[in-house]
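A short write-up of the structure that comes next.
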Amino acid sequence: MTDELFAPVSHGRTADEIVLQIERLILNGVLRDGERLPGERELAQKFEISRPILREALKELENRELLVSRHGGGTYVADVVGQIFSRPLVELIRRHGQAVRDYLEYRRQLEGLTAELAARRATETDKELIRRIIERMRDAHREGRFEEELASDVEFHNAIGDAAHNIILMHTLRACYRLLSDGIFYNRRVIFTIAGAHHAVMQQHENIAQAILTSDPAEARHAAEAHIDFISRVTDEAVRAGEWDRIAQLRLTQKKA
């Protein structure tokens, strides 16, 4: 966090002003789930208010379930994104392959629009962040640091969501990518068992980034949609390959019997 994140308040220095300022930071994705706020003394100094007023504001934000306090561990942004589906529905989705296709269809539309908006609206700061993420992803890909590459993958898509500067899209995408990170719809590692898929996905990320960095909305949408089309194809191939291997294993077992 920077010193400029929390601005001094005026107009009587009421708790309501603190509540509003922190709410806006959470709404705009500046303060993220699980992020720790500065300590009480430091935060009061930043706002230039008394500690009793600060405590009143923090308590109200806790009542609104936007902040959580951990005994002896500070104050944190609550899990405001949460799960977009209930646990029973998530388990149901796991058992039925049609949900994977529907999820990818949903992502295709959502990410195409998001990339297009990002290409139109990204600030120089947004673009610099995207450059840094794609560079980390490129390095991890080249050096075979697979888990870091996967982490950068989600970070990359979230950064595009931020650069679109649409609050609803941003929070929807974060919930969507949480399901992806948790492997709810498909295991991204399985995709890379298909020959050439790993390098192809990296190039697709490069294409999306380039279109946004050069402010080309049409190409950004096309690149994002092409990426999801590719993921859909190789997911189907990976599923088929897994089923074929299962059948082959059964045949081998039967011959040994």
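The values are calculated or read from the model by the stated rules, or taken from the named source; none is laboratory data. Computed from a predicted structure; not experimentally measured. Every residue, glycine among them, receives a Cβ derived from its backbone with ideal geometry; neighbour counts consider all protein chains shown.
Which ones in the range 120-157 are farther than 24 Å from V30 by Cα and under 16 Å from the mean Cα position of the chain (by Cα)?
Looking only at the range 120-157, we keep the residues that are farther than 24 Å from V30 by Cα, and these are 138-147.
If the condition is that a residue be farther than 24 Å from V30 by Cα and under 16 Å from the mean Cα position of the chain (by Cα), then E147 is the only one that fits.
For T193, state whether it is of a type outside the set (D, E, K, R) and under 19 Å from E219 (Cα atoms).
No; evaluated as a whole, the condition is false for this residue.
Of I26, I18, which residue is part of a helix (DSSP H, G or I), touching a residue at least 12 places away in the same chain (Cβ under 8 Å) and within 19 Å of H171 (Cα to Cα)?
One residue alone meets the criteria, I26.
Being among the hydrophobic types (A, V, I, L, M, F, W, C) and under 11 Å from F156 (Cα atoms) is the filter here, so list the residues in the range 116-134 that pass it.
Within the range 116-134, L129, I130, I133, I134 meet the criteria.
Look through N166, N207, N158 and report the one residue that is in contact (Cβ under 8 Å) with a residue 40 or more places away in the chain and in the same structural domain as A122 (by TED's automatic domain parsing).
Matching residue, one of N166, N207, N158: N166.
Conditions: (1) assigned to a helix (DSSP H, G or I); (2) touching an Asp or Glu at 6+ places or on another chain (Cβ under 6 Å). E56 meets all but one. Number of the miss?
Just one mismatch for E56, condition (2).
If I filter the range 90-121 down to residues being under 24 Å from A238 (Cβ atoms) and aliphatic (A, V, I, L, M), which single residue comes out as surrounded by the fewest Cβ atoms within 10 Å (Cβ to Cβ)?
Among those that are under 24 Å from A238 (Cβ atoms) and aliphatic (A, V, I, L, M), it is L92.
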